[in-house]
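Peer 1: So that we are looking at the same thing, I have put the structure below in C-alpha cells.
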Amino acid sequence: DQQCLLTTIEKLDLVKKELDVKKWESNVTIQDLITSSLDKNDRDAFFVADIGVILKQWIKWKKNLPGVTPYYAVKCNPTVGILKVLNALGSSYDCASRTEIETVLNLGVDPTRIIYANPCKQISALKFARAHNVKLMTFDNVSELEKIEKFFPEAELVLRIAPDDSKSLMRFGTKFGVHIEDCFDLLEMAKEMNLKVVGVSFHVGSGCFDSIAYDSALTMVKSVFDMAAKLDMKLNLVDVGGGFSGSNTELFETFTKVIREKTAELFDKDVRIIAEPGRYFAASSHTLAVTVISKRIIKQEDNRQHPRRTSNNMRQYNYYLADGVYGSFNNVQFDHAKPTPILLKPSNKQPTPCTLFGPTCDSIDVIARDTQIPELKIGDWLYFPEMGAYTTASASSFNGFCPPPVYYYCSEVDESAL
Ligand code: PLP
C-alpha cells in the first residue's frame, strides 16, 4: 500500500537499488562496460541489461500511443529486472500460463492489470486465475468456452480473431485465432452460456514489417463489434496484440499512426484500447557477451582438420562459444534470429571464414554458419547486441550450461518524461 503512494521515479529508484543497477555514463562505451565486467566477474558469458532502454521505449510508447495501455508480454523475456522496471512504470501484463500469472502477482500487481492471453488454457490454470481474480482472458474456440463456463463463468472474455499475418516473421494464424466467418457463432454460443464477452483481440504475428496488417485487422475487429451488436452484446475492448519492433523507430511510428487513426475512426471513445508488446520493450535492452572456449582449424575444401599443413588462405575456423542455441541463442531456432557477432577488441586482421558453435555436445548447436570474422583466439570475447527478446525466455541448461547472469545498468534518460 505504501508503494502506491510513491511517485514513478521513487518506485524506479527502489527497483534500481534492488537490482543493483549501475549508472551507465554517456562517455562509456559498451566495450568499456563489458571489459570492466570481465575484470570483476569470473564468467564465460553474461548479459548487460540497460534499463534505460526500457525507460526510453516507455516514453516513446506514451508519445505515440497515449490512449493504448501496454500489457507487457511476459513470454518475451520474464527476467525479473524487466518485470520490475515495467511495474514501477505502471505497465500491465500479458500472461500465458499459471506460472507467468503467479510471477506477476508476486510483484504486487493488481489482477485487473493482467490479461491471460492464451486462447488454450489448462483447467488448473483457469482455476488459479479464478482464485486470484484474474478475470480478463482470450478465447477462440468452442471447447474453451465450455471450459470457461464450467470453471470460471464470471471471466471477462476477449475473442481472438485470426488476422492476415503474412507480413510477419513469426506467424500465429496456423495455431490461434478464429476466422471471421466463425465469429458470429462463437459470440452466439457465449451468449447462450451466459458468458461475458467484452472485446476482441488479434496478433499480427511477431516481427511484423507492414502496417497494413494492423489496418486490416482493425477493420475485422470492427465487423466483430457489429456482429456482437446484432446479438445485443456491447463490446468495449480492443486488444491490438504485439508485433512491434524494438529497434526500428520508423516502423514503430508507422504502425502506431495507423493504430491511432484507425481506432479513432472505427470505435467509440468509451472503447478501451490495449496492446501486448513483447519484443518492443525487451529486444534492445540486452547485450550478450560471450567468450571463445575452444577453436579448431579446418581446411576449407574437405572440412577436415589439417592444422599445421593447411596454408593460411585455405583455413577456416570453428569457434566454440560459451553460450549456444540450447541457451540464449535459441532465438536462432525459434525466432529466425541471425545474431551479429562484434569483437570486443577490434582487430586489424582480415576476416576469415568461420562457424560459431555453442558449448554443448550437440552438432545442431550452431549460432552462425559460414560467417566471416578476424581470427580469434581462446579467451577472446564477442558481444551480440539486440539479445533481449525470446532469448533467456526459452534457454535451457542442457549439458549443464546454465543461462548467463544479467548485470544491470541504466543509461541516461530524461526521467521527467516518464
Ligand atoms: N501476445 C501474444 C498472445 C503472443 O503470442 C505474443 C508473442 O508470441 C505477444 C503478445 C508478443 O509479441 P511481440 O513480442 O511480437 O510483441
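Peer 1: Under a straight-distance cross-link criterion of Cα-Cα below 17 Å, which aspartates and glutamates are reachable from Lys150, leaving out those fewer than 8 residues away in the same chain?
Peer 2: Asp140, Glu192
Peer 1: Which of Lys62, Lys135, Lys377 moves most in a GNM of the chain, Cα contacts under 10 Å?
Peer 2: Between Lys62, Lys135, Lys377, it is Lys377 that shows the largest mean-square fluctuation.
Peer 1: With +1 on the Cβ of every Lys and Arg and -1 on the Cβ of every Asp and Glu, and nothing else charged, how large is the dipole of the chain about its Cα centre, in debye rounded to the nearest 20? The partial results should precede the final answer.
Peer 2: Values: 48 positive and 53 negative charges, 227 e Å.
It works out to roughly 1100 debye.
Peer 1: How far is the Cα center of the stretch 330-355 from the Cα center of the stretch 378-407, in Å?
Peer 2: Rounded to whole Å, the Cα centres lie 14 Å apart.
Peer 1: Choose one answer from Pro385, Pro374, Pro404: the residue with the largest mean-square fluctuation in a GNM of the chain with alpha-carbon springs under 10 Å.
Peer 2: Sorting by GNM fluctuation, first place goes to Pro374.
Peer 1: Computed FRET efficiency, Cβ-Cβ of Val28 and Phe151, R0 45 Å: what is it to the nearest 0.05? Before the final figure, lay out the partial values.
Peer 2: Numbers: r = 53 Å, r/R0 = 1.17.
Between Val28 and Phe151 the formula returns 0.30.
Peer 1: Can you work out the PRE-style zone for Ile123? Point 7 Å along Cα to Cβ, and I want the residues of the stretch 137-151 with backbone N under 17 Å.
Peer 2: 142-151
Peer 1: Filter the GluC sites (Glu not before Pro) in the stretch 6-69 down to the DSSP loop ones having no more than 11 other Cβ atoms within 10 Å, then list what survives. Numbers along the way, then the final one.
Peer 2: Details: sites: Glu10, Glu18, Glu25; in loops: Glu25.
Here the GluC sites (Glu not before Pro) that fit, given the DSSP loop and packing criteria, are Glu25.
Peer 1: Still on this model: Given the options Gln350, Gln57, Gln122, state which has the largest fluctuation in a GNM of the chain using a 10 Å cut-off (strictly under) for Cα springs.
Peer 2: Looking only at Gln350, Gln57, Gln122, the largest GNM fluctuation is found for Gln350.
Peer 1: Using the Cα centre as the reference, give the magnitude of the dipole from point charges on the C-beta atoms of the stretch 78-277 (Lys, Arg: +1; Asp, Glu: -1; all else neutral), rounded to the nearest 20 debye.
Peer 2: The dipole magnitude comes to about 580 debye.
Peer 1: Let me ask something else about it. Between Ser247 and Arg296, with labels modelled 7 Å along Cα→Cβ, what's the label distance in nm to one decimal, could you check?
Peer 2: Taking the two extended label points, one gets 3.0 nm.
Peer 1: Continuing with the same structure: If the cut-off is a Cα-Cα distance under 18 Å, which aspartates and glutamates reach Lys127, setting aside same-chain residues fewer than 8 apart in sequence?
Peer 2: Within the straight-line cut-off, Lys127 pairs with Asp94, Glu100, Glu102, Asp110, Glu144, Glu146, Glu149, Glu154, Glu156.
Peer 1: With Cβ to Cβ distances under 12 Å as the rule, what net charge do the other residues near Thr249 carry (K, R +1; D, E -1)?
Peer 2: Net charge around Thr249: +1.
Peer 1: Of Gln316, Val332, Thr79, which is farthest along the charge dipole of the chain in the positive direction, counting Lys and Arg as +1 and Asp and Glu as -1 at C-beta?
Peer 2: Gln316
Peer 1: Which of the lysines could a cross-linker span from Lys17 if the Cα-Cα distance has to be under 17 Å and same-chain partners fewer than 8 positions apart are dropped?
Peer 2: Lys17 reaches Lys84.
Peer 1: While we're here: For the chain, what is the calculated [θ] at 222 nm in deg cm²/dmol (nearest 500), taking -39500 (n - 2.57) for each run of four or more DSSP H residues and dividing by its residue count?
Peer 2: Working: 12 runs with 133 residues, N = 418.
That comes out to -9500 deg cm²/dmol.
Peer 1: What is the Rg over Rh value, at two decimals, for the chain, using alpha-carbon atoms and the Kirkwood definition of Rh? Could the numbers behind the result be given before it?
Peer 2: On the way: Rg = 23.7 Å, Rh = 23.2 Å.
Ratio value, two decimals: 1.02.
Peer 1: With the cut-off at 26 Å, tell me which of the pairs Lys23/Lys345; Lys56/Lys269; Lys147/Lys257; Lys16/Lys62; Lys295/Lys338 have Cα atoms farther apart than that.
Peer 2: Working: Lys23/Lys345 23 Å; Lys56/Lys269 28 Å; Lys147/Lys257 38 Å; Lys16/Lys62 22 Å; Lys295/Lys338 21 Å.
Over 26 Å apart, Cα to Cα: Lys56/Lys269; Lys147/Lys257.
Peer 1: If the chain between Lys377 and Ala264 were fully stretched, how many nm would it gain, using 0.36 nm times the residue separation less the Cα-Cα distance?
Peer 2: 34.9 nm
Peer 1: Once Rh for the stretch 78-277 is found with the Kirkwood sum over Cα pairs, what is the Stokes-Einstein diffusion coefficient at 37 °C and 0.692 mPa s, in µm²/s?
Peer 2: Values: Rh = 17.2 Å.
The estimated diffusion coefficient comes to 191 µm²/s.
Peer 1: Then there's this: At 7 Å along the Cα-to-beta-carbon direction for both Asn399 and Ile9, put a label point, then send me their distance in nm to one decimal.
Peer 2: In this crude label model, Asn399 to Ile9 measures out at 4.9 nm.
Coordinate-derived values only; no laboratory data. Note that the structure is predicted; figures quoted are calculated from it, not measured. All Cβ positions, glycine included, derive from the backbone under ideal geometry; neighbour counts span all protein chains shown.
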